[in-house]
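Any read-out appearing in this document is the output of simple, stated calculations on the displayed coordinates, not a laboratory observation. This is a predicted model, so every value here is computed, not measured. A quick note on method: Cβ atoms are made from the backbone with ideal geometry, for glycine too, and the neighbour counts reach across all protein chains shown.
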Amino acid sequence: MFFTAAGSTFDIGDLRANWAARQVSAVDFSSEVWVPVEGVSSLGRISGEWQTEETASPDADDPDNPQMPTVLKSARPAKTMQVVAAMVAGDAGQMAMLAAEGIVHPVTFRLTAADGSVLRFVALVLGADHVFDEAANVMSWSFSLKLQSNILREAS
């Protein structure tokens, strides 16, 4: 499955009150009302690295050499995503993103690639920052998301 970013759309869905982070399936999104977020210029990346613990013991046979640490994966934090959208006055999707940033409950999201492939997930909107980059000459929003589910992927 190959997803292209150019021509993609990003939609916000319904609020999930009393949501506990968990795996989702298509059934979880069967009755969504999707609202497009206009002006999206960057979908960033969805990322989240494992936290690690290092342990090292001196080599009793060769105490003069540096210790060789053993690295163990210890915890996997929730993934994050950054979405940047040019400010579009009156855009219902951007207004929904701003409203979601002001509440404690997560909402659903849908990313549709140009080829029709779809990613859906549940996330908290943790921040809505103003972006006044001089180079782009476009005032934008930068929305910070923290995923509260897996990413459901569907090919076109």
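Under a Cβ-only charge scheme (Lys and Arg +1, Asp and Glu -1), can you give me the dipole magnitude of the chain about the Cα centre, in debye to the nearest 20? Don't skip to the answer; put the middle values down first.
Details: 10 positive and 19 negative charges, 147 e Å.
Computed charge dipole of the chain: roughly 700 debye.
Give, in nm to one decimal, the length gained when the segment between residue 72 and residue 42 is fully stretched (0.36 nm per residue of separation minus the Cα-Cα distance). Numbers along the way, then the final one.
Numbers: separation 30, 0.36 × 30 = 10.80 nm, distance 3.35 nm.
Roughly 7.4 nm would be gained on extension.
List the GluC sites (Glu not before Pro) in segment 1-102 that DSSP assigns to loop (not H, G, I, E or B) and whose Cβ has at most 16 other Cβ atoms within 10 Å. Which are they? Numbers along the way, then the final one.
Values: sites: 32, 38, 49, 53, 54, 101; in loops: 32, 38, 49.
Sites meeting the loop and neighbour criteria: 32, 38, 49.
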If one takes the longest principal axis of the Cα atoms in the chain, at what angle in degrees, from 0 to 90 and to the nearest 10, does the Cα axis of helix 92-101 lie? 40 degrees
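From the mean inverse distance of alpha carbon pairs (Kirkwood) and the Cα radius of gyration, derive Rg over Rh for the chain.
Numbers: Rg = 20.0 Å, Rh = 17.6 Å.
Dividing the radius of gyration by the Kirkwood radius yields 1.14.
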What order do you get for 105, 130 when you list them from fewest to most C-beta neighbours inside 10 Å? 130, 105
